[in-house]
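The values are calculated or read from the model by the stated rules, or taken from the named source; none is laboratory data. Computed from a predicted structure; not experimentally measured. Glycine also receives a Cβ, built like all others from the backbone with ideal geometry; neighbour counts cover every protein chain displayed.
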Amino acid sequence: MATKQEQTDQAQQRLLYAGFEVLKLKGVKALTAAQIAEAAGVSKGGFFHHFPKIEDYYLFMLDQLIQGMETQIFKQKPASLVEFLQVSVQSALDMIDETPEMMTAIYYFIDFSRFNEDYTQRLRHLVKASLDKWVHDLEGFFPQGLSEEKKTYFVYLLDIYFSGLSTHYLVLKDQDFYVKISEQFIGMIVNYLEESQP
């Protein structure tokens, strides 16, 4: 028999998948509590039982998207920093090809922060925690003796690059071109790390 926590987790996952389905079929503006609840086959009250405010759901969905991307990259077991970066680029491009609605949802969730200070703080915390996790998860790929500051700069630089890459690719859709540019970027960023060694 499932515990109360397992039942909660299952219900939240069901609502998450329903939200992805709403995004895919109707677009980001349809991502409302009513539409998500209907797609999940639960009442609106059931939705709000698990997510008291719609922004709770948005942050949950964003967190799950970030975790899903990380899992997809690390399950391929990249053996070096260059391989990690190549896998990351290809995963980002593939995700946009397969589910472009995810990128528009991310922009929507970020835009929502302009109107709600509590949500803004929670969004910042979520993004910062994700970037800190990347600093930790990439530890084995960094050159020996690299300072914590340089590791953090590196991860933020990566995030900035992937944000720009995703926006460009979402609009221009030229995978060969962006893979080529990314190879140049990977070379530059590896040089940056090598030059940063003590």
Legend entry - Subset tally (residues that are part of a helix (DSSP H, G or I) and either more than 19 Å from Val155 (Cα to Cα) or in contact (Cβ under 8 Å) with a residue 60 or more places away in the chain (or both)) for region 72-105: 21
Inset, instruction - Find the residue count for region 31-82, including only residues that are farther than 26 Å from Val190 by Cβ and hydroxyl-bearing (Ser, Thr, Tyr). - result: 4
Inset, instruction - Check Phe109, Phe115, Phe154 and return the single one that is surrounded by fewer than 14 Cβ atoms within 10 Å (Cβ to Cβ), of a type in the set (Phe, Trp, Tyr) and in the same structural domain as Phe177 (by TED's automatic domain parsing). - result: Phe115
Inset, instruction - Could you tell me which of the residues Ser88, Ser147 is among the hydroxyl-bearing types (Ser, Thr, Tyr), outside the structural domain of Leu23 (by TED's automatic domain parsing) and loosely packed, with under 14 Cβ neighbours inside 10 Å? - result: Ser147
Legend entry - Ile186 of a type in the set (Val, Ile, Thr), touching a residue at least 60 places away in the same chain (Cβ under 8 Å) and farther than 29 Å from Lys53 by Cβ: yes
Legend entry - Selection status of Pro143, assigned to a loop (DSSP other than H, G, I, E, B), over 21 Å from Ile54 (Cα atoms) and within 20 Å of the chain's Cα centre (by Cα): no
Inset, instruction - Run down Tyr108, Tyr153 and say which single residue is hydroxyl-bearing (Ser, Thr, Tyr) and at pLDDT below 90. - result: Tyr108
Legend entry - Residue ID - farthest from the chain's Cα centre (by Cα), chosen from residues in region 18-55 that are in a loop (DSSP other than H, G, I, E, B) and within 23 Å of Ile110 (Cβ to Cβ): Pro52
Legend entry - Test for Glu83: is it exposed (fewer than 15 other Cβ atoms within 10 Å of the Cβ), acidic (Asp, Glu) and not assigned by TED's automatic domain parsing to the domain that holds Phe142: no
